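**Q** Just dropping this structure here.
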Amino acid sequence: MAAPFWTDEHGRRLPDVPCPRCGANVGPLRLRVENLRNLGWCAFQVERYQNWCGHGQEIIPIPQLDGTVKCVPIMGEAR
């Protein structure tokens, strides 16, 4: 079975995004600001979702001027 890959709206392949736990290509999480409420998420707060490989990922959703959301991954643990 071939490794998965993701494309943009023009069909161009997007760069690989590795899972921090297993290294599998999990692809980008593309959201719009209006999607945050549907998910029960708030901007600028730590949120958690499950990658297609089954591992959990924590991110901070940051709204952008174009209406999209930049998902900043949290790597490691804060002390």
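Bear in mind that the values in this text are calculations on the coordinates, not laboratory data. Just so it is clear, the model here is predicted, and its values are computed rather than measured. Reconstructed Cβ throughout: ideal geometry from the backbone, glycine too, with neighbour counts over all protein chains shown.
**Q** DSSP loop trypsin sites (Lys or Arg not before Pro) in segment 1-58 with at most 15 other Cβ atoms within 10 Å of their Cβ, which ones?
**A** Of the trypsin sites (Lys or Arg not before Pro), the ones in loops of segment 1-58 whose Cβ has at most 15 other Cβ atoms within 10 Å are R12, R21, R30.
**Q** Starting from segment 30-65, pick out the chymotrypsin sites (Phe, Trp or Tyr not before Pro) whose DSSP state is loop and whose Cβ has at most 10 other Cβ atoms within 10 Å.
**A** The qualifying sites are F44.
**Q** Size of the dipole of segment 31-73 about the Cα centre, Lys and Arg at +1 and Asp and Glu at -1 on the beta carbon, nothing else charged, in debye to 20?
**A** Once rounded to the nearest 20, the dipole reads 40 debye.
**Q** Just grab the label-to-label distance for D16 and I62, each label 7 Å out from Cα along the Cβ direction, in nm (one decimal).
**A** Computed distance between label sites D16 and I62 equals 2.5 nm.
**Q** Taking the Cα centre of the chain as origin and charging only Cβ (+1 Lys, Arg; -1 Asp, Glu), how large is the dipole, in debye to the nearest 20?
**A** Taking the Cα centre of the chain as origin, the dipole is about 80 debye.
**Q** On each of the three principal axes of the Cα atoms of the chain, give max minus min coordinate, whole Å, ordered largest first.
**A** 37, 37, 18
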